[in-house]
Amino acid sequence: MFEVLVIEDDDRIRLALTLALEDEGYTVRSAATAEEGLLSQRREPADTVLVDLMLPGIDGFQCIRELRRTDDVPVVVISARDDTHDIVAALEAGADDYLVKPAATKELTARLRALRRRARPLPAAHPAELVLGELEVRPLAGEVLLRGAQLTLTRTEFRLLSELAEHAGQVLSRQQLLQRVWEYDFGDERLVDVHVGRLRQKIEDNPGSPQRLVTVRGLGYKMPR
């Protein structure tokens, strides 16, 4: 069974999310605070975590950062805060996706289905190893090495890097990356931009002047051969 942990302080919203997800066949655990949710995830890891941003005590941003210290579990923010700054800040903290309340059940479950598909191993048709200078990407092994040292990436970061590395020398648009990595037919392109920024922090010597993952103005992103 695919298990979802819901971290939401509003009792009515927490119950509504729980019932809606259970109706779709998910197993659901819930927590009213970040502290309770983090403890629950450490004791018994769920497959996906849904997080509100406005939580008592530790807020949602810090909750995501704490999860990311030791866990690559997919994290989806569900929040009434729809300001661009808040969305970008949540994604930069480590969230994989962001939905604005009230989120329709169909949209939420569609995102969760995409997360489930992305959690599966990459098919054997992918190359075993991609070498781009000092960077090595091993799609089938789930490993990325920079100068021989293994990097720690989230699942989404790894799939994004693998897609770009496999098409090195080609420009991939944000929409293409949304379709291939997130498996969304449409969506917020800020998801791509923020995840590219996070990747650059890990694979670039100088993230402010990227050489391994570059922007092609007006077109998208590419990794030079």
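The values are calculated or read from the model by the stated rules, or taken from the named source; none is laboratory data. All figures in this text were calculated on a predicted structure; none of them were measured in a lab. Virtual Cβ from ideal backbone geometry, glycine too; neighbours counted across all protein chains shown. Ligands, DNA and RNA are excluded from the accessible area calculation, which covers all protein heavy atoms including side chains. Shrake-Rupley method; radii C 1.70, N 1.55, O 1.52, S 1.80 Å.
Brief remarks follow.
- Close amide H partners of residue 54, meaning residues 5 or more places away or on another chain with modelled amide H under 5 Å apart, are 60.
- Since only 27, 4, 114 are under comparison, the one whose Cα sits farthest along the positive direction of the charge dipole of the chain, derived from C-beta charges on Lys, Arg, Asp and Glu, is 114.
- Remark: the chain carries a charge dipole of roughly 800 debye about the Cα centre, counting +1 on each Lys and Arg Cβ and -1 on each Asp and Glu Cβ.
- Near the amide H of residue 97, within less than 5 Å, lie the amide hydrogens of 75, 77, all on another chain or at least 5 residues away, with H placed in the peptide plane.
- Gained length - residue 35 relative to residue 116, 0.36 nm times residue gap less alpha-carbon distance: 26.6 nm
- With a Förster radius of 22 Å applied to the C-beta separation of residue 69 and residue 171, the computed FRET efficiency comes to 0.05.
- When GluC sites (Glu not before Pro) are flagged only if DSSP places them in a loop and at most 14 other Cβ atoms lie within 10 Å, the longest unflagged stretch of the chain comes out as 1-128.
- Stretchable slack from residue 107 to residue 152, in nm (0.36 nm times residue separation minus alpha-carbon distance): 13.2 nm
- Relative to the Cα centre, the charge distribution of the stretch 119-225, modelled as +1 at Lys and Arg Cβ and -1 at Asp and Glu Cβ, gives a dipole magnitude of about 100 debye.
- Rounded to whole numbers, the Karplus 3J(HN,Hα) couplings from phi for the stretch 130-135 are 10, 10, 10, x, 8, 9 Hz, using 6.51 cos²θ - 1.76 cosθ + 1.60 with θ = phi - 60°, and x at Gly and Pro.
- Size descriptor, Kirkwood hydrodynamic radius, that averages inverse alpha-carbon separations across the chain, Å: 18.2
- Accessible area expressed per residue, the chain, with surrounding protein chains retained (probe 1.4 Å, Å²): 49
- For the stretch 1-107, applying the loop criterion from DSSP together with a ceiling of 15 other beta carbons within 10 Å to the trypsin sites (Lys or Arg not before Pro) yields no site.
- Residue 143 long-range amide H proximity, modeled H, under 5 Å: 138
- Over the chain, Cα pairs under 8 Å with separation of 6+ residues give a relative contact order of 13 percent.
- With the helix formula -39500 (n - 2.57) applied to DSSP H stretches of n ≥ 4, the chain reaches a computed 222 nm mean residue ellipticity of -12000 deg cm²/dmol.
- Förster radius 41 Å - calculated FRET efficiency between residue 219 and residue 54 (Cβ-Cβ, nearest 0.05): 0.65
- Potential lengthening between residue 186 and residue 211 on full extension [0.36 nm per residue; Cα-Cα distance subtracted]: 6.1 nm
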